[in-house]
Amino acid sequence: QGKKISKSRDWYISLRDFLNGFPADYLRYYCLAITPYSQDDVNFDWDEFHAKINNELVANVGNFINRILSFIKTRYSGEVPFPEEYSSKDIEFINKIRDIPKAVSDKLEHNENSEALRLIMDFSAQCNQYFQLKEPWTNKPGSSTCLYLCSNAVRTLSILLTPYLPSSTVRIWSQMGLEGSVHETSWNSSSELQVKQGHKIGNVEILF
């Protein structure tokens, strides 16, 4: 809150108390988001913490993942639909899926963790925009393609977010009904469309 940490003045947050109120991934996400490469001028602020969790994790990532998986569950009997012929917007979205892992890894290799996270969150926002643009709820041509590509984008997000949200991405992986462990999955595979048509997703729950 803009003051120096001091246990003697009772101006600090114990990890035990924090974890009694919030998941560990929330703290990991917030601290990595606000810590620059130089690690200077880091300030834990409750209002900013509140805003980042609600506006970024809940409204951006959580919203996209829940909408896609819930939509497939209710409209397609829980099975990833067969894609139709790709439109220019579909190809543009595929290219974003294929390009984002390299862009993120380049930042991580230079220890630019907050910048890498920003790229991931921007990608998630673009996923939401693509879903809104395609309007699959209207059941117009291209709706099944949208859900097919978005389900692959969910897989991509789960892999890219694993360094930041190791517990939450395990839950995403499970909700997707994917085999193996997200922690043991090749980073480079996050650029591929590995979720095939007919894949059965798991139980869908609110993520954040």
Explain nothing, just the number: relative contact order of segment 113-197, from Cα pairs under 8 Å at least 6 residues apart, as a whole percent. 28 percent
Quick check on segment 1-79: take the gyration tensor over C-alpha atoms, sort the square-rooted eigenvalues as a ≥ b ≥ c, and tell me if it's rounded (a/c under 1.5), prolate or oblate. prolate
I want to check the label-to-label distance for Cys31 and Ser181. Put each point 7 Å from Cα in the C-beta direction and report it in nm to one decimal. 2.2 nm
Nearest 0.05, what FRET efficiency do Ser8 and Trp46 give at R0 = 25 Å with Cβ-Cβ as r? 0.75
Arranged from highest to lowest average of other beta-carbon atoms within 10 Å per residue, in what order do the peptides 128-138, 114-124, 171-181 appear? 114-124, 171-181, 128-138
Roughly speaking, to the nearest percent, how much of the chain's 1.4 Å accessible area is carbon and sulfur? 49 percent
Just how large is the dipole of the chain about the Cα centre, in debye to the nearest 20, putting +1 at every Lys and Arg Cβ and -1 at every Asp and Glu Cβ? 440 debye
Mind checking which aspartates and glutamates have their Cα closer than 17 Å to the Cα of Lys134? Skip sequence neighbours fewer than 8 apart in that chain. Glu84, Glu85, Asp90, Glu92
Label point 7 Å beyond Cα of Asn188 along Cβ direction - residues of segment 73-98 with amide nitrogen under 20 Å: 95-98
Apply the a/c threshold of 1.5 to the C-alpha gyration tensor of segment 96-182 and tell me whether it is rounded, prolate or oblate. oblate
Quickly rank 41-48, 98-105 as a protection proxy: mean count of other C-beta atoms within 10 Å, highest first. 98-105, 41-48
Residue-normalised 222 nm signal for the chain, counting each DSSP H run of n ≥ 4 as -39,500 (n - 2.57), nearest 500 deg cm²/dmol, is -17000 deg cm²/dmol
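The values are calculated or read from the model by the stated rules, or taken from the named source; none is laboratory data. This structure is a prediction, so every number in the text was calculated from the model and none was measured. Note: ideal-geometry Cβ built from the backbone for every residue, glycine included; neighbour counts use all protein chains shown. What goes into the accessible areas is simple: the full protein's heavy atoms, side chains included, and nothing from ligands, DNA or RNA. Shrake-Rupley method; radii C 1.70, N 1.55, O 1.52, S 1.80 Å.
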